[in-house]
Structures are given as structure tokens and as C-alpha cells.
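Structure first, commentary second.
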Amino acid sequence: MNDKENGDDSLKPQQIPSTGPKQEIAESPEAGPEDTSPSVPMAIEKPDAAEAIKQHVDADGSPSSSVGHEPRTDESASSVSVRPVSVKKPHSFFAEQPLSPIEMAPRVLRYQSRRDFLVFGAGALEALAGAGFLLPQETLSRMGMRRNMDSPGKEWFLNKALRIDDDVAEALYSATRSVPTYTKSQISPLKNNYNGSTPDPGYISGWKLTLDGLSCGLSISLDIQNLLTRFPVHEQITRLVCVEGWSAIAWWAGLRFDDLIGAYPPMSQAKWARVESSVNLDVSGSPDPYFMSFDLATARHPQTLLATHFNGQPLTVDHGAPLRLLVPVKLGLKNVKAITRITYVAEEPRDYWAERGYSRYDGI
């Protein structure tokens, strides 16, 4: 063997130095002798998606185990590394969906705008007509409408609406739901707000509370000392809400109405209480007895009191001395001052304000 022959060994393909991709092909553990042939035709025949995935893996630096994959230059690898593979993620059901543009011809847009304007105008006219039907005649007169709009149909409609409101409020009532209570630092002034004239203080000396409709069939009279000595006194700081739109936080003390019911139980079929007051004159001095009705379920509420004290002192005449009803879960018109008689009945009795167009239940 001559030197030339020895030199031929150095020219064998496996000994020829190669760079980059050629070296990777030579060192592939799965390559056979036939892999020494160029693999370009195989790379061209592979699908584009598979090639993209293969190139993406190679670009990340992980070795490729594909048999006969096409050698790549550094330029091709770098170009693949900046080519992201996007995967479309499904949108969440609650995620905000992109708004799709709406294209509309100008003629159609003008037609719909004109139609919407006419519909809005018709709705506004109907609302005005409805307001004219429902507003009090005095309010309509101030607005320049002299025609009398009062009618039996109007009164029926308003009463029906109030009845629905009462039914909903009564259905939502719960003996376990209490109104918020406050601290003494939150107490606010409470004005004298009798419906009629403030009673003359002279009646207090002979005052008695009369109970009728009891299970015993008797009529019982109690004075203020009977109430203060027989029943425990409870205190609470609650808000009094007036139907006129104002409210005040006050500190009250007295016996629970439920304690009075327990000591003097009403007849078994009783569901309502009629409460009468010493207030019997209107602001002009004419006879105008004041009375109110409310349900016994509310009377048994733990925050319903027969109040004897106000802000730590015995009640004054301005606030209903010597005994007033305090029902924080109802509007102020149910919180009768200077009460003199309680009568238990089976059917809903007359109510002063309900007869004048107000609600009967008045829950809050």
C-alpha cells in the first residue's frame, strides 16, 4: 500500500470535516448507511405543518430524532426562531366578546332614526297622559290643568296599587328581621308631629289604658303604674321614619307589646289591633278622633314597644305621654301617640289614614 492509498483513507466521507447540520446528521444514532445521501427530497415532501413543528423544536435547542431530516444552515435556524407558533385559545363563556362591526346603509339608518324618534315621542306623550290621570287634582291645577281628572277609576287604580304594595310588604315581613339600632351619639332631634292639635296635659292625671277583645271576654283598664311595675322595661335606639319624608334617631324605653299580649291574651281568632288616641281635635279645634289599625304579627315583633320614656326621661305631651306606640318596622303614622285603648279584632278594622288614601300596612 503506497502513500497515495493511505491518503485516500483520509478522504473518506466520514472523515471529512463538516459543520453545523452536516455534523448533526453524521452523529444521529438512528442514521444508517443510506443516510449519507442528501435528504433534501424528503424534506420537500413533508407537510408544511409537520415541518413547522420540527423546525420549532430544533430552534428551541432540543435534538431532533427525525430520520433523514434536512440539514439547515444557521441562517434558516435563526429565521425559524423568530417565527411564533400561535395557538388559538377558546374564549371563556363569561369573557367579554369582541363586538362585531355593524354596517348599515345611510338610507336605512335615517329611516330607523326617524322611527325611533316617533316611538320615543309617543311614549313621552303617554307618560304625560298617565301622570295627568294619577296626579292629585290640586297638583294638576298648579300645573295649569283646570279640568277635573278625579274619577272612580282613578281611585280604584291607586287603591289597587297600594294593596299590591301592602301584600308584598306583608309577605316579606319576618319576626327575626330587626331594624338597625344606633348609639347615643347618633341621636337626632325629634319634632312634635301630631296629626291634630297637641292634647291638653290635663288628661294625663286620669289616664288609663283600656284593653278590649281579650280571651277572657272582659275589658281591663291599666294605669301607668300598673304597666311600669308589672312589665320589664326595654331600651332601644332606633330610627323613626315619617311618611312625609323625614326621619330621626331617638332613644326609647318601655314595655314590649308582646309582653302585654302574653299577660292579657287576645281572643283566639284575633289578627288585628285597633289603637285609639287622646288626639281628638284637628288643627282648627274641630272634633277629629285619631285611630289606627295594625296586625298582631307586627305587634309581637321584639322591637315593637309601648314606650314610656324618651331620651332617658318620661314622655312629655309633645311625644305622646304617658304611653305611645313605637313600631320601628312601620312608618311613623303607625306610631300612635297618647294611646288610650287597644281592641283586638278578627277582621281588619278601620284606619284613619287608610280612609284618606294612604297604605294600610305601611311596612319599611
Rough spin-label spacing in nm, given labels placed 7 Å along Cα→Cβ, for Asn193 and Ala171: 2.9 nm
Candidates per GluC sites (Glu not before Pro) in the stretch 186-284, loop by DSSP, up to 11 other Cβ within 10 Å: Glu244
Estimated FRET transfer efficiency (Ser100, Val179; beta-carbon r; R0 45 Å; 0.05): 0.35
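How charged is the neighbourhood of Thr198? Take every other residue with its Cβ under 10 Å from the Cβ of Thr198, and add Lys/Arg as +1 and Asp/Glu as -1.
Values: positive: Lys337; negative: Asp200, Asp318.
Charge balance near Thr198 sits at -1.
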Largest to smallest accessible area among Val327, Val179, Val108 [probe 1.4 Å]: Val108, Val179, Val327
Area of Asp259 that stays accessible when all protein chains are in place (1.4 Å probe, Å², to 10): 50 Å²
Ser268 paired with Ser247, simple spin-label distance in nm, labels 7 Å along Cα-to-beta-carbon: 4.1 nm
The stretch 178-191 - phi-based ³J(HN,Hα) in whole Hz, Karplus 6.51/-1.76/1.60, Gly and Pro as x: 10, 6, x, 10, 10, 9, 5, 5, 9, 5, 10, x, 10, 7
Heavy atoms of His309: accessible area, 1.4 Å probe, square angstrom to 10: 50 Å²
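Provide the FRET efficiency to the nearest 0.05 for the Phe117-Ile164 pair, computing r from the beta carbons and using R0 = 35 Å.
0.55
The values are calculated or read from the model by the stated rules, or taken from the named source; none is laboratory data. Bear in mind that the values here come from a model prediction, so they are computed numbers and not experimental data. Note: ideal-geometry Cβ built from the backbone for every residue, glycine included; neighbour counts use all protein chains shown. What goes into the accessible areas is simple: the full protein's heavy atoms, side chains included, and nothing from ligands, DNA or RNA. Shrake-Rupley method; radii C 1.70, N 1.55, O 1.52, S 1.80 Å.
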